Amino acid sequence: MTKTCLIIFAPLLMLVACKQPEARRPVSAKTGSFMRTSIERNKNLLDYEEKRIDSIIAKDSLHQYHASSNGYWYYFDIRDSTQNYVPKEGDVVKINYDIRSLSEETIYSSEEIGEVHFKVDKEDYFPGLRTAVKLLKEGEKATFLFPSSLAYGYHGDDQRIGTNQPIKSTITLIDIIEKASDSIKTNN
């Protein structure tokens with residue numbers, strides 16, 4: 001009887017054993033709701049910050065503000081019409097700047113930061129600063145109003161600049177050292 005059972009059930013066992021393994025299904029499916037919520041929150045935050053900045057600009061009758069294509073506003077404290085060259089990617093610049101809240105409270109003074117040398121678009125300074133220096137000529141000084149997304153963003157700086165804090169910064173472009181390739185062409 002055992003041989004007969006084995007002969008009868010062997011093909012059935014082979015059919016069951018040869019079945020393809022079934023893929024495991026995820027425990028939870030991602031719906032994208034977190035991303036949608038995050039995008040909506042960031043849009044609302046930017047809208048709020050832009051309204052605050054617009055309010056500051058509307059109250060300031062002493063300065064002529066310019067809107068940058070990068071999403072911040074600025075005015076010139078010192079303008080130099082005799083200079084033509086503005087920094088480009090790869091140039092080394094020497095600047096001095098401060099960081100204040102929109103209500104003019106000093107976060108970092110220019111004395112505390114000191115003179116800074118950096119290669120334009122090549123170093124890790126906050127996004128607004130990296131593009132703002134490309135609007136200045138040597139000897140010029142301007143005050144910039146940056147929304148938090150162009151300042152230190154959601155994270156802040158882990159010290160004095162808080163989460164999602166828009167900032168005001170006065171930047172002085174002290175010196176421009178042009179790219180080496182441009183310098184070689186002009187020296188020959």
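No lab work stands behind these numbers, since they all come straight from the coordinates. Quick caveat, the model's predicted, so the values are computed rather than measured. For neighbour counting, all protein chains shown are included, and Cβ atoms are generated from backbone atoms with ideal geometry for every residue, glycine included.
Cβ crowding within 10 Å, taken as a proxy for footprinting-reagent exposure, orders Phe118, Phe146 from fewest neighbours to most as Phe118, Phe146. Taking every C-alpha pair closer than 8 Å and separated by at least 6 residues, the mean separation divided by the residue count of segment 39-183 gives a relative contact order of 29 percent.
So how far, in whole Å, is the C-alpha centre of segment 132-174 from the one of segment 36-55? Between the Cα centre of segment 132-174 and that of segment 36-55, the gap is 18 Å.
Note: segment 39-183, Cα convex hull, 118 Å³ per residue. Tell me, what is the FRET efficiency for His63 and Asn96 to the nearest 0.05, using R0 = 25 angstrom and their Cβ-Cβ distance as r? That pair, His63 with Asn96, gives E of 0.80. Rounded to 0.05, the FRET efficiency of the Val27 and Tyr154 pair, given R0 = 35 Å and the Cβ-Cβ distance, is 0.75. Here His63, His155 are placed in order of increasing Cβ neighbour count within 10 Å, fewest first, which gives His155, His63. Hey, which of these cross-link pairs are over 18 Å Cα-Cα: Lys51/Lys137; Lys51/Lys168; Lys51/Lys141; Lys141/Lys168? Table pairs above 18 Å Cα-Cα are Lys51/Lys137; Lys51/Lys141.
On the beta carbon distance between Glu123 and Arg36, with R0 = 35 Å, the FRET formula returns roughly 0.55.
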